Amino acid sequence: MSPIRSATIAALASAVVATTLTGCQFGEAEQDTSPIVIAADLELSGAAAAVGQTYQRALKLKVDQLNSSGALNGREIKLTVKDNRSDSAESLRNIVDFSSDSRVSAIIMGGCNECAVGAVGTINEKRIPTIALAASGAITRPVAERRYVFKLGPNAADSAAALTTELRRNNIRKVGMLVSDDDYGQEGAAALRSELNKVNISLREQRVKTTDTDVSQQIQQLVTGKPDALVFWTPPEQATLAATSTRQTIFRGSLYFDAGAAGDLFLGAAAKATEQATLIFTQTMVIDDVIATTPAKAARRQWFQDYTARFGGYNGSSSFAADAVELIADAELRSGGEAGKVNRDGIRDVLETSQMDGLSGPIRMTPDNHSGLMPQALTTLVARNGRWRLAG
């Protein structure tokens, strides 16, 4: 593994800076006061609007923190956002527009798997560094055909391995799985099936479109198989909908959520249906339960507090957006470009070897792996009294 590029900033005077820039020590650069322009293609309306709006809030908060930190060598980040309306064709038009603007250093894409996968060819053709917050492995693989594309967020194989560990620990022998009929769902079903086969746990699946607002029929089909546990590998809204539908059946077994199903910290109307459910996700969701024994943990706790203070609640996916901003800002300052001019190839090269202890957990990019979130970032959470808590 190459030396860590992004070390903890320990000497910044501001408490906010000290806890929000944990990952990166921005490099020395020629004096340049031009803005660092980061473009964001997000689902601000349409089926995935809730997640897109979470990302927008997180991006704005992180940009504000970095701009006020004094750590950008006299520069400021300018964030420009476009709504893709949860539509891959609209998303592609946004990517084309962003890439044609020579002031844009890099793009952050939201949680739409279809959007990110569909834009891969254009991103590489336009040679614009892009970090996707969507989960599908097809976004970054094969790397040779996706040199300018990176992603943050849990990987299907890592989620499947962590879920299998929990299922086996709880002596589960039969599993029913509700899975979204998209790239990430298909990848997840294959990964979980492979992991469960290794430990002789049987699996029965039902698929659901990501736009479906009624999953009761699929849940009923799974319940008739008399599983010991149900796994929901769907977007957050569908996962809570599935939990509610399940509690209206005779099923009284355990519920498990894949990392992609993570949403708000507080479960609201779904609290009763999800009580004692298990979620595989990053520690940032419950960092207020964690003793801040390291600078990275202190930074995650501060992010949790800052986000909650500004927006009145917390969404686990916010940390991925914040880490994407920090990675791009660091890469821009290290890219070695001429003052006032964007060096996209240099930014890409820095991103490809970026390493930091981010708000989401340890992140390591390499030339062979553009999906940076490490398996160690995932932990086990349990729903108790209407919110997620650390298991145990």
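Annotations for the structure displayed:
- Some residue of region 317-324 being of a type outside the set (S, T, N, Q), touching a helix residue (DSSP H, G or I) at 6+ places or on another chain (Cβ under 8 Å) and either open to solvent by 10 Å² or more (accessible area, probe 1.4 Å) or farther than 30 Å from T164 by Cα (or both): no
- Members of region 99-116 found to be in a helix (DSSP H, G or I), open to solvent by 20 Å² or more (accessible area, probe 1.4 Å) and small (G, A, S), listed by number: S100
- Among the residues of region 256-275, those that are open to solvent by less than 10 Å² (accessible area, probe 1.4 Å) and part of a strand (DSSP E or B) comprise Y256, F257.
- Residues of region 206-255 satisfying the condition of being polar (S, T, N, Q), outside any helix (DSSP H, G or I) and touching a strand residue (DSSP E or B) at 6+ places or on another chain (Cβ under 6 Å): Q206, T210, T234, S254
- Checking S14 against (1) at pLDDT below 50; (2) within 23 Å of G263 (Cβ to Cβ); (3) hydroxyl-bearing (S, T, Y), the condition it does not meet: (2)
- For region 342-360, filtered to residues that are under 14 Å from L327 (Cβ atoms) and among the charged types (D, E, K, R), the residue that is least open to solvent (accessible area, probe 1.4 Å) is R348.
- Filter result for T308 (surrounded by fewer than 21 Cβ atoms within 10 Å (Cβ to Cβ), among the hydroxyl-bearing types (S, T, Y) and under 19 Å from the mean Cα position of the chain (by Cα)): yes
- Pair list, Cβ < 6 Å and 6+ apart or interchain, from region 31-57 residues that are closer than 23 Å to A329 by Cα to residues that are part of a helix (DSSP H, G or I) and open to solvent by 30 Å² or more (accessible area, probe 1.4 Å): L42/Q56; R57/F311
- Of all residues in region 42-84, those satisfying the criterion of being among the charged types (D, E, K, R), in a loop (DSSP other than H, G, I, E, B) and crowded, with 20+ Cβ neighbours inside 10 Å are E43, R75.
- Qualifying residue in region 236-244 (condition: under 25 Å from A271 (Cβ atoms) and open to solvent by 60 Å² or more (accessible area, probe 1.4 Å)): yes
- Counted residues, region 277-312 - those being part of a loop (DSSP other than H, G, I, E, B) and touching a strand residue (DSSP E or B) at 6+ places or on another chain (Cβ under 6 Å): 1
- Residues in region 169-184 that are over 23 Å from C115 (Cβ atoms) and modelled with pLDDT under 95: 0 in all.
- Residue match in region 361-379 (condition: touching a helix residue (DSSP H, G or I) at 6+ places or on another chain (Cβ under 6 Å), farther than 22 Å from T140 by Cα and not hydrophobic (A, V, I, L, M, F, W, C)): yes
- Count of residues meeting criterion [at pLDDT 95 or above and within 18 Å of V175 (Cβ to Cβ)] in region 260-279: 5
- Among the residues of region 313-327, those that are hydroxyl-bearing (S, T, Y) and in a helix (DSSP H, G or I) comprise S318, S319.
- Meets criteria (aromatic (F, W, Y), farther than 27 Å from A322 by Cα and either modelled with pLDDT of 95 or more or open to solvent by less than 10 Å² (accessible area, probe 1.4 Å) (or both)) for F251: yes
- Restricted to region 188-233, and to residues there that are hydroxyl-bearing (S, T, Y) and modelled with pLDDT of 95 or more, the residue that is farthest from R173 (Cα to Cα) is S216.
- Flag for T122 being under 18 Å from A190 (Cα atoms) and modelled with pLDDT of 95 or more: no
- Of all the numbered requirements in (1) among the hydrophobic types (A, V, I, L, M, F, W, C); (2) open to solvent by 30 Å² or more (accessible area, probe 1.4 Å); (3) in a helix (DSSP H, G or I), L203 misses one, and that requirement is (3).
The values are calculated or read from the model by the stated rules, or taken from the named source; none is laboratory data. Being a predicted model, the structure only gives us computed values, none of them experimental. For neighbour counting, all protein chains shown are included, and Cβ atoms are generated from backbone atoms with ideal geometry for every residue, glycine included. Only protein heavy atoms, including side chains, enter the accessible area calculation; ligands, DNA and RNA are left aside. Shrake-Rupley method; radii C 1.70, N 1.55, O 1.52, S 1.80 Å.
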